[in-house]
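The values are calculated or read from the model by the stated rules, or taken from the named source; none is laboratory data. As the structure is a prediction and not an experimental result, all values here were calculated from the model. Don't worry about glycine lacking a Cβ; one is built from the backbone with ideal geometry, like all the others, and counts go over all protein chains shown.
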Amino acid sequence: MASSDDPSHREGRYDRRELLRRAGAGAVTVGVAGSGFGQAFYGPLRFKGRWLKGDLSLITWAHFVPAFDDWLDKTWAPQWGQQNDVQVKVDHINNTLLPARAQAEVAAKSGHDIFFDLAPRPQYEDNVIDHNEIVQQVQHKVGKIGRIAHKATYNPKTKKYFAFSDNYVPDPVVWRHDIWNGIGMSPNTWDSVRRAAPKLKGVGHPVGIGQSAELDSNMALCSFLMCFGSFVQNAHHQVTIKNKHTVEALKFMADIYQRGETDEIFGWDPSGNNNFLYSGKGSMIFNAISATRTPEDRGLPFANDLWIWPIPKGPHGRLGYQHVMGCWWVWKFAANKAGAKKFLADLEIHYKDAFLASKFYNFPSFPGAFSFKQIRKAVAQDRHRPLGKYGVLTTIAQRYTTNPGHPGYANAAFGEMFSKFMIPQMFAQVSQKKMTAQDAVNAADREIRGIYTKWRKLGKI
Amino acid sequence: MKEKGLSYLIVGPFAIVLAFPFYVMVITAFKDQTEFYNPAINPYWFGKNSPTFANASFLFHHTPYLTWLKNTCIVGLCVVAITLVLAVPAGYALARLAGRVGQSLGVGIFLTYLIPPTLLFIPFFAVIKQAHLTDSIWSLVLVYPSFTVPFSTWLLMGFFKTIPQELEDAARVDGASRLKTLVRVVFPISIPGILTVVIFSFSLVVNEFVYAFTFISPSAHKMVSTGVYTDLIRGDLPDWGAIMVAALIPSIPLALLYNTFLDRFIAGFTGGAFR
């Protein structure tokens with residue numbers, strides 16, 4: 001029997017002290033080698049532009065056109081990082097989770113350098129840098145910022161850009177031509193929609209205008225109000241929701257719902273109306289062109305029957321918000337502000353690639369970055385049927401699209417009202433017969449006035 | 001026989017209703033993508049292009065799903081271990097040592113479990129930042145016990161109360177220390193309660209969303225619950241097939257675990273109910 005003192009037997013066995021000693025030495029070795037490896041690997045190229053030194057992190061949504069994310073993650077960000085010797089980290093999350101994430105980052109004063117959301121968030125003005133420098137830099141290269149982006153990201157009271165908008169997304173009506181053709185109508189005016197809705201529902205294809213606490217419903221219903229001459233605020237940022245036009249609009253939409261929609265519109269998230277359309281059931285929704293791109297990509301049987309038109313004309317005309325107002329901002333606590341500013345400026349200056357990668361979804365906020373003329377030319381190359389259907393996007397963008405908060409700016413009070421989904425809530429109350437139109441308007445007016453008073457006291461409007 | 005038939009008649013419809021979502025999950029997991037949006041195809045059965053492993057293949061080859069599973073397992077095991085280390089002695093102490101004070105403390109501890117994560121995730125995020133644990137699964141190992149320990153302590157407290165004091169007294173008379181009594185007498189007959197804590201804690205870790213989403217952004221560090229929701233909704237369209245495969249896989253071991261230890265699990269939960 002071998003003794004434990006026998007050296008041949010002890011080989012490869014350690015007592016506790018020896019084990020700790022060796023583990024400690026190993027950990028130190030790995031640590032030193034690991035830290036050195038980083039420099040050795042990157043070599044002299046690491047941080048050659050010292051003023052941009054460090055990593056750059058950004059968080060954005062999972063784009064409704066996945067090809068855009070592929071381009072951003074695999075082409076633009078790595079190439080830009082290589083050129084500027086900055087390690088760029090891009091995180092994507094579902095768009096509905098962005099507000100909670102922003103709130104958490106603000107509370108912790110920590111997170112990503114750059115944050116993206118689908119609508120202006122002026123309520124964070126005190127937590128972000130002034131983006132004027134980025135705007136000026138881009139204007140110097142490609143020309144003036146577009147009206148929509150300016151009014152969505154600039155606070156005239158504090159003279160500060162609280163966000164930097166790289167893009168906005170026209171919001172057309174997407175409709176099934178085959179189904180509408182079957183009843184001999186088209187969604188050219190809101191009156192046509194109201195008359196067609198019961199017939200469409202009768203043939204098993206209701207229309208789908210959301211009245212839920214989500215972005216698409218918010219945009220569509222605010223736009224609907226504008227077509228009826230009702231605006232949440234005026235150009236001087238005074239609340240103007242309480243008027244006869246709002247009451248009329250509420251009654252009108254309630255009628256469309258009661259005769260031509262189903263109650264699922266009250267429970268949608270931003271992809272609710274898309275799924276409604278893709279299921280083959282929906283005959284009309286308000287959505288950006290992701291609603292036509294996805295059926296094209298997936299080869300859905302009705303892809304060629306999806307038409308896109310400008311928002312239907314109402315008694316006050318034809319005017320809508322954009323579907324998405326792409327807003328980036330750099331937190332005050334961002335670790336790499338210089339890198340963040342340059343990243344955003346460069347992104348916009350070279351926006352042609354972004355526009356094409358998004359399959360015409362993202363329109364540049366600075367029209368000079370890729371002009372309407374160039375866009376029309378690019379769009380004409382699209383081979384999806386009906387041919388030329390995307391040509392109408394430039395018309396929608398130029399003539400029928402305005403900023404959130406129109407005719408004023410997208411200020412903090414409007415932002416809070418918008419993020420609380422008060423407009424869809426007002427509509428839903430009437431459509432579900434929980435309130436009369438007048439009562440719903442009165443209630444919304446009271447609540448919105450409270451919000452405006454608060455922000456006025458804070459000196460933001 | 002008649003009685004048995006009546007039982008089946010009552011239980012049968014419940015079983016069908018409860019099993020139906022799992023049935024849909026299985027069917028959808030192996031269904032061809034093109035059949036999801038074709039109203040002509042029965043949504044509760046396969047079309048001509050199904051069944052297919054394409055959804056599973058996409059999940060395993062084009063997403064970091066295996067990493068999410070690994071992260072979930074690591075966090076789950078760590079949280080279960082921490083929970084047991086803290087909740088077992090705490091539950092025992094509250095049951096045996098503190099009398100009426102213990103009762104009140106027990107209720108107090110349970111009440112902390114009722115504070116919803118939606119109120120806590122922002123302050124916790126600040127703590128995680130201070131600890132330099134953002135974007136790390138260790139942030140979850142730190143935070144999850146905040147809701148598993150209170151509930152488990154409360155659960156075990158009730159369970160320990162069902163164990164007759166006389167058993168421990170007998171062991172003490174025979175010369176066993178309190179620790180030895182615990183290890184040799186109390187713990188072996190507390191297995192149903194401890195098992196319940198293990199299953200409960202692990203299930204909570206697998207299901208939790210708010211903290212996992214707030215503390216961790218990079219795809220490679222996500223848990224199953226957040227990875228599925230954030231990375232498998234491509235564009236404006238949920239990838240139903242891949243989502244269902246992703247949901248099916250972790251649900252199988254959990255279902256097996258629950259069914260294997262069903263009797264003990266019930267005993268664990270109801271242990272303190274009749275005291």
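Structural remarks
- Scanning region A:130-141 for residues that are surrounded by fewer than 20 Cβ atoms within 10 Å (Cβ to Cβ) and touching a strand residue (DSSP E or B) at 6+ places or on another chain (Cβ under 8 Å) gives A:Asp130, A:Asn132.
- Verdict on A:Arg259 being touching a helix residue (DSSP H, G or I) at 6+ places or on another chain (Cβ under 8 Å) and either more than 30 Å from A:Ala412 (Cα to Cα) or in a helix (DSSP H, G or I) (or both): yes
- Checking each residue in region B:11-28 for being of a type in the set (Val, Ile, Thr) and either surrounded by 10 or more Cβ atoms within 10 Å (Cβ to Cβ) or touching a Lys or Arg at 6+ places or on another chain (Cβ under 6 Å) (or both) picks out B:Val11, B:Ile16, B:Val24, B:Val26, B:Ile27, B:Thr28.
- Residues satisfying the stated conditions in region A:233-271, i.e. modelled with pLDDT under 95 and closer than 19 Å to A:His316 by Cα: none
- Boolean, A:Tyr351 is in contact with a strand residue (DSSP E or B) (Cβ under 6 Å, 6 or more places away or on another chain), more than 26 Å from A:Phe231 (Cα to Cα) and not small (Gly, Ala, Ser): yes
- Contact map, region A:297-308: residues that are without any contact (Cβ under 8 Å) to a residue 24 or more places away in the chain paired with residues that are part of a helix (DSSP H, G or I) and hydroxyl-bearing (Ser, Thr, Tyr), Cβ distance under 9 Å, separation 6+ or inter-chain. Pairs shown: A:Arg298/A:Tyr278; A:Arg298/B:Thr34; A:Gly299/B:Thr34; A:Leu300/A:Tyr278; A:Leu300/A:Thr294; A:Leu300/B:Thr34.
- Meets criteria (under 20 Å from A:Leu72 (Cα atoms), in a helix (DSSP H, G or I) and without any contact (Cβ under 8 Å) to a residue 40 or more places away in the chain) for A:Leu356: yes
- Residue match in region A:86-98 (condition: in contact (Cβ under 8 Å) with a residue 40 or more places away in the chain and facing another protein chain (nearest Cβ under 7 Å)): no
- Single residue of region B:15-39 satisfying the filter (under 13 Å from B:Asn49 (Cβ atoms) and outside any loop (DSSP other than H, G, I, E, B)) that is farthest from the other protein chains (Cβ to nearest Cβ): B:Glu35
- Being more than 16 Å from B:Lys70 (Cα to Cα), touching a residue at least 12 places away in the same chain (Cβ under 8 Å) and assigned to a helix (DSSP H, G or I) is a description that applies to B:Gly241.
- Considering region B:156-221, the qualifying helices (runs of 4 or more DSSP H), each wholly inside and each with 3 or more residues that are touching a Lys or Arg at 6+ places or on another chain (Cβ under 9 Å) and touching a residue at least 40 places away in the same chain (Cβ under 8 Å), run over B:191-207.
- Meets criteria (within 14 Å of another protein chain (Cβ to nearest Cβ), in contact with a helix residue (DSSP H, G or I) (Cβ under 9 Å, 6 or more places away or on another chain) and in contact (Cβ under 8 Å) with a residue 24 or more places away in the chain) for A:Phe266: no
- In region A:283-306, residue farthest from A:Ser186 (Cα to Cα) [restricted to those that are facing chain B (nearest Cβ under 10 Å) and in contact with a strand residue (DSSP E or B) (Cβ under 7 Å, 6 or more places away or on another chain)]: A:Thr294
- Filter pass, B:Val210 being more than 14 Å from B:Phe58 (Cα to Cα), among the β-branched types (Val, Ile, Thr) and facing chain A (nearest Cβ under 9 Å): yes
Here's the yes/no breakdown for (1) outside any helix (DSSP H, G or I); (2) in contact with a strand residue (DSSP E or B) (Cβ under 6 Å, 6 or more places away or on another chain):
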{"site": "A:Gln211", "(1), (2)": "yes, no"}
{"site": "A:Ser217", "(1), (2)": "no, no"}
{"site": "A:Phe224", "(1), (2)": "no, no"}
{"site": "A:Ala249", "(1), (2)": "no, no"}
{"site": "A:Phe252", "(1), (2)": "no, no"}
{"site": "A:Asn274", "(1), (2)": "no, no"}
{"site": "A:Leu277", "(1), (2)": "no, yes"}
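- Qualifying positions in region A:199-215 - surrounded by 17 or more Cβ atoms within 10 Å (Cβ to Cβ) and more than 19 Å from A:Gly272 (Cβ to Cβ): A:Lys199
- The one condition in (1) more than 12 Å from every other protein chain (Cβ to nearest Cβ); (2) out of contact with any Asp or Glu (no Cβ under 9 Å at 6 or more places or on another chain); (3) modelled with pLDDT of 85 or more that B:Ser225 fails to fulfil: (2)
- Flag: B:Ala212 matches the condition of being within 24 Å of the chain's Cα centre (by Cα) and at pLDDT 90 or above.
- Those residues of region A:407-432 which are surrounded by fewer than 23 Cβ atoms within 10 Å (Cβ to Cβ) and part of a loop (DSSP other than H, G, I, E, B), in sequence order: A:Pro407, A:Gly408, A:Lys420, A:Phe421, A:Gln432
- Boolean, A:Pro404 is in a loop (DSSP other than H, G, I, E, B) and crowded, with 20+ Cβ neighbours inside 10 Å: yes
- With respect to the conditions (1) among the polar types (S, T, N, Q); (2) within 12 Å of A:Ile148 (Cα to Cα); (3) surrounded by fewer than 22 Cβ atoms within 10 Å (Cβ to Cβ), A:Gln381 falls short on a single one, namely (2).
- Counted residues, region A:152-186 - those being surrounded by fewer than 23 Cβ atoms within 10 Å (Cβ to Cβ), in contact with a strand residue (DSSP E or B) (Cβ under 7 Å, 6 or more places away or on another chain) and assigned to a loop (DSSP other than H, G, I, E, B): 0
- Matching residues in region A:274-291 - criterion: being out of contact with any His (no Cβ under 6 Å at 6 or more places or on another chain), over 19 Å from A:Leu393 (Cα atoms) and of a type in the set (S, T, N, Q): A:Asn275, A:Ser279
- Conditions (1) within 14 Å of chain A (Cβ to nearest Cβ); (2) outside any loop (DSSP other than H, G, I, E, B): number failed by B:Thr134: (2)
- Positions within region A:106-120 being more than 8 Å from chain B (Cβ to nearest Cβ) and either part of a helix (DSSP H, G or I) or at pLDDT below 95 (or both), in sequence order: A:Val106, A:Leu118, A:Ala119, A:Pro120
- Taking every residue in region A:325-353 that is outside any helix (DSSP H, G or I) and pairing it with any residue that is crowded, with 20+ Cβ neighbours inside 10 Å and polar (S, T, N, Q), at least 6 positions away or on another chain, the pairs with Cβ-Cβ distances below 7 Å are A:Met325/A:Ser165; A:Gly326/A:Ser165; A:Gly326/A:Asn167; A:Gly326/A:Asn362; A:Cys327/A:Thr153; A:Cys327/A:Ser165.
- Here A:Gln103 meets the list (1) within 14 Å of chain B (Cβ to nearest Cβ); (2) in contact with a helix residue (DSSP H, G or I) (Cβ under 6 Å, 6 or more places away or on another chain); (3) polar (S, T, N, Q) almost entirely, failing just condition (2).
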